[in-house]
1. Could you give the distance between the Cα centres of region 56-105 and region 121-163, to the whole Å?
2. List residues of region 1-18, by number, whose backbone nitrogen lies under 17 Å from a label position 7 Å along Cα→C-beta of residue 104.
3. For residue 60 and residue 72, calculate 0.36 nm times their separation in residues minus their Cα-Cα distance, and state this gained length in nm to one decimal.
4. Once label points are set 7 Å from the Cα along Cα→Cβ at both residue 26 and residue 188, what is their separation, rounded to one decimal in nm?
5. Can you give me the solvent accessible area of residue 60 with a 1.4 Å probe, rounded to the nearest 10 Å²?
6. Return one number: the angle in degrees, 0 to 90 and rounded to the nearest 10, between the long axis of the Cα atoms of helix 53-84 and the longest principal axis of the Cα atoms of the chain.
7. To make sure I understand the rule: partners must be lysines, Cα under 22 Å from the Cα of residue 19, and not fewer than 8 residues away in the same chain. Which ones qualify?
8. Rounded to a whole number, what % of the accessible area of the chain do carbon and sulfur atoms account for, probe 1.4 Å?
Amino acid sequence: MELYCEQNVNNTSIDKHRKRNSILSVLRKVLLGIGIVLLFFLLGFGVNIGNGIVTIILGVAISLFAAAPFVLAFVFLGRYLKNVSSEYDYILNGGILRIVRVIQRSKRKLMATIRLDSIESIGKISSETYERFAASKNLKKQYAVCNYDDEEAIVYVRYRNEGEDYLLHIEPNEELVSSIRRSLPRISIMDKSMNNLNPVKKQ
């Protein structure tokens with residue numbers, strides 16, 4: 001019998017820091033605007049002071065250099081807001097586990113599609129096995145976690161997809177862990193650290 005289980009991982013910091021995030025969102029747009037205005041102003045100024053090729057190249061270089069910090073601040077603030085405003089849906093349907101990233105509770109993006117028969121190991125990040133996996137440079141690390149403080153609630157999933165090895169981090173509840181366990185082709189895939197499910201939080 002194929003199992004279906006869905007878990008929504010909520011990010012409590014979205015509501016807690018809503019005002020701060022709104023201010024940073026506005027600041028991000030202001031910084032981009034300043035960068036664009038500065039770029040065009042300096043480009044225009046550089047063209048007006050001379051028509052020589054060297055002068056033009058120098059003017060473009062100075063303009064880009066001056067505007068770059070504002071553009072970079074725009075990019076980094078965007079990444080920061082994306083990370084602190086992300087939540088996740090874990091959807092187990094038959095032999096497929098899908099990880100969906102929900103950004104600002106409006107935009108949904110499929111982050112990973114994992115066949116359960118491609119999973120090689122599942123365990124808690126507090127286990128010794130995880131330390132060995134985390135040290136490997138050959139594993140691509142993925143994070144679908146909202147609460148990084150509770151290590152006992154975070155579970156790693158090592159799997160292989162299209163010739164690449166991945167190390168996914170999730171924070172499943174007991175129901176999802178139980179459903180995955182029942183759907184795995186081999187019980188030995190579960191690390192011994194998963195024997196005690198009590199620390200893995202319920203949602």
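The values are calculated or read from the model by the stated rules, or taken from the named source; none is laboratory data. These figures come from a predicted structure and were not determined experimentally. No Cβ is skipped: glycine too gets one built from the backbone with ideal geometry, and neighbour counts run over all protein chains shown. These accessible areas exclude ligands, DNA and RNA; they are computed on the full protein's heavy atoms, side chains included. Shrake-Rupley method; radii C 1.70, N 1.55, O 1.52, S 1.80 Å.
1. 23 Å
2. 11, 13-18
3. Working: separation 12, 0.36 × 12 = 4.32 nm, distance 1.76 nm.
Full-extension gain reported as 2.6 nm.
4. Here the modelled spin labels are 6.0 nm apart.
5. Roughly 60 Å² of residue 60 is accessible to a 1.4 Å probe.
6. Orientation of helix 53-84: about 30 degrees from the principal axis.
7. 29, 82, 107
8. Of all accessible area on the chain, carbon and sulfur atoms account for 57 percent.
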